[in-house]
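Bear in mind these aren't lab numbers, they're just calculated from the coordinates by the rules spelled out. Nothing here was measured: the structure is a model prediction, and the numbers come from that model. Using ideal geometry, Cβ is built from the backbone for each residue, glycine included, and neighbour counts are taken over all protein chains shown.
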Amino acid sequence: MKKKYLIVVANYYKDISKGLLKSAKDLFPPISSITVINVPGVFEIPVTISKNINKYDGFIALGCVIKGQTPHFDFISQATTNAIMKMSVDHKKPIGNGIITCLNMKQARARKKKGSEAANAVISFLSQK
């Protein structure tokens, strides 16, 4: 059966999100139905998935948060991760968390292929019997 996937991409760091998206999309079987929605930042990812939770079989959240001078990094990272996990458990649907959290842009560039890990987790979950 053809699976429907939603990939939600935070484009705050466009170069990084482009790499995350490419690495995720490269893993899907050709018969997959993939929709991509772009959002401004990672904080908007959970609400976008929530609005679409009944329309898709699996979800991939992609984005990047880089630590700055304030605790904002910690709040955004934790709130987003908690919301994604809660939604996944509550709705019994896989949501691959491909949101990378880094201390600087060099680390982010080195990890921009990590979208494939989130996609692989969702694909693996949906192939279980």
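The table for this structure:
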item	result
Dipole of the chain [Lys/Arg +1, Asp/Glu -1 at C-beta], most positive-end residue of 102, 16, 33	33
Dipole magnitude of region 70-129 about its Cα centre (Cβ charges: Lys, Arg +1; Asp, Glu -1), debye to nearest 20	280 debye
Fewest-first sequence of 37, 60, 76 by Cβ atoms within 10 Å of each Cβ	37, 76, 60
Between helix 115-126 and the chain: long-axis angle, C-alpha atoms, 0 to 90°, nearest 10	30 degrees
Kirkwood Rh, angstrom, region 4-126 [1 / mean 1/r, Cα pairs]	14.1 Å
Cβ-placed point charges (K, R +1; D, E -1), dipole of the chain about Cα centre in debye, nearest 20	340 debye
Over the chain, relative contact order from alpha-carbon pairs under 8 Å, at least 6 apart, %	34 percent
Karplus 3J(HN,Hα) series, Hz, for region 3-12 with 6.51 cos²θ - 1.76 cosθ + 1.60 (x for Gly, Pro)	8, 10, 10, 10, 10, 10, 10, 7, 9, 4
The chain - mean residue ellipticity at 222 nm from DSSP helices (-39,500 (n - 2.57) per run, n ≥ 4, rounded to 500)	-13500 deg cm²/dmol
Reach of residue 3 by Cα under 18 Å, taken over lysines that are not fewer than 8 positions away in the same chain	25, 55, 92, 93, 129
Rounded if a/c under 1.5, otherwise prolate or oblate - region 57-129, Cα gyration tensor axes	oblate
